[in-house]
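This report refers to the structure that appears directly beneath it.
None of the figures in this text is laboratory data; all of them are computed from the coordinates on show. Since this is a predicted model, take the numbers as computed values, not measurements. Counting neighbours? That spans all protein chains shown, and the Cβs are built from the backbone with ideal geometry, glycine included.
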C-alpha cells in the first residue's frame with residue numbers, strides 16, 4: 001500500500017511520462033504473476049523461513065533503491081522484481097496459515113487474513129497521506145516495514161508447512177467451464193489494474209491533495225467490500241449473470257460520469273470514485289461464484305486459482321491501455337479505459353445469457369466474497385472455508 005501509492009505520486013512530481021507510470025503497474029503485475037508460477041520452486045529448495053527472508057530482504061533493498069535512484073526506467077525494472085518478491089512472500093505466509101487452519105476454523109482464518117491484508121494496504125496509504133512525498137523518508141519507512149516482517153519468522157519455532165504446490169493455468173478448461181467468468185476476470189483485471197496503478201496519478205494531475213488521493217484510493221476498495229455481500233446475496237436469488245452485467249454497467253456509468261463532468265473538488269472526486277468502486281469491486285466475487293456454480297466441488301481451488309491468474313494477466317494490460325488514453329486525452333481518460341472494459345463485460349455477459357441457461361438455484365454454491373486485488377495468490381484460496389482438507393486421525 002505505501003510503496004504502491006508512493007511511486008506514482010513521486011514519479012508524477014519527477015515528471016515521469018504517463019506511459020512510464022503505466023509500465024510500472026504492468027511490470028509489477030507481470031512480476032507478481034511470474035512469481036506465482038516460479039516462487040514455489042524457490043521455496044521448496046530453500047525452505048519457508050529462508051525463502052521468506054530472501055523475499056522480504058529483497059523488498060527492503062528494492063524500496064531503498066527506488067529512493068536512492070530516481071529514474072523511471074530503473075523503477076520499471078524494480079517494480080517487476082517487487083511483484084515477484086511480493087508473490088513469493090504472500091505464498092509463504094498463506095501456506096503457513098493454511099497448514100495451521102482446520103476445517104472448523106478455516107472460514108475465520110480466511111476472513112481475518114483478508115481483513116489484516118486490506119487494513120495493512122490502507123494503513124500504508126494513510127502513511128503516505130501524512131508524509132512528504134518529495135523526501136526519502138517514506139522510502140526508508142517502506143524498507144523498515146519489510147525488515148520488521150522478518151522478525152516473526154526469524155524467532156518462530158514452528159515447523160515448516162508442507163511444500164508449496166505448483167500453480168497451473170488451464171485457460172481452455174476455464175473457458176469451457178464458464179465463458180462469462182473467464183472473460184469477466186480478464187476484463188475486471190484490466191479495469192482494476194488501470195485504476196490501481198494510475199488512480200493516484202489521476203488525482204495528482206487534477207490537483208487534489210495527497211491526503212485526498214490516499215483517502216480516495218482507500219475508499220474505492222472499502223466501498224467495493226461493503227457492496228460485495230448485498231450484491232452477492234442478490235445473485236444467490238437470480239441468474240448471477242444479470243447481477244454481473246448490472247454491476248458492470250453501473251461501474252461504467254460512474255466512470256463515464258467522471259470523464260464527462262471532470263470534477264475538481266476533492267470531496268466530489270472522492271464521492272464519485274467511491275460510487276465507482278462500489279460497483280467495480282463487487283464484480284470479481286460474482287464472476288468467481290458463477291464459475292463455481294458450474295464447477296465440481298473438488299475443482300474449486302483449481303478454477304478459482306486459474307481465474308485469479310487471468311485477473312492478474314488483465315492487470316498487466318489495464319495500465320498500458322489507460323496510460324495511452326491519458327496521454328492522448330486528459331487525466332479523466334483513465335475512467336474511459338475502465339468504462340470500455342466494463343461495457344465489454346456487460347455486453348458479453350448479456351450475450352451469453354441467451355446462449356446458456358442459468359444453473360438452478362438449488363444446485364449453486366453459496367456466494368462467498370473474494371479478494372478483488374493483486375495482494376493474494378492462488379495459495380490463499382486453500383484457506384477458503386469451502387476448501388476441505390484431510391486431517392490425520
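Percent of Cα-Cα pairs per 10 Å bin, from 0 to the last occupied bin, for the range 185-341, please list those. Pairs per bin, as whole percents: 12, 40, 33, 13, 3, 0. Stretched out straight at 0.36 nm per residue, the stretch from residue 136 to residue 209 would grow longer than its current Cα-Cα span by 24.4 nm.
Classify the range 190-281 as rounded, prolate or oblate, taking a ≥ b ≥ c as the square roots of the eigenvalues of its Cα gyration tensor: rounded when a/c is under 1.5, otherwise prolate if a/b is larger than b/c and oblate if not. Please list the in-between numbers first.
On the way: a/c = 2.44, a/b = 2.02, b/c = 1.21.
Since a/c reaches 1.5 and a/b is larger than b/c, the shape of the range 190-281 is classed as prolate.
A straight chain from residue 261 to residue 115 at 0.36 nm per residue would run longer than the Cα-Cα distance by 49.1 nm. Here the spin labels are modelled as points 7 Å beyond Cα on the Cα-Cβ line, and at residue 239 and residue 148 they lie 5.1 nm apart. Which residues in the range 171-203 have a backbone N closer than 20 Å to a point placed 7 Å from the Cα of residue 17 along the Cα-to-Cβ line? In the range 171-203, the label zone of residue 17 (backbone N under 20 Å from the point 7 Å along Cα→Cβ) covers 194, 197-199, 201-202. Give the shape of the range 266-325 as rounded, prolate or oblate, defined through the alpha-carbon gyration tensor: a ≥ b ≥ c are the square roots of its eigenvalues, a/c under 1.5 means rounded, and otherwise the shape is prolate if a/b is larger than b/c and oblate if not. Verdict is oblate for the range 266-325.
Taking 0.36 nm per residue of separation and subtracting the Cα-Cα distance, full extension of the segment from residue 324 to residue 77 would add 87.0 nm.
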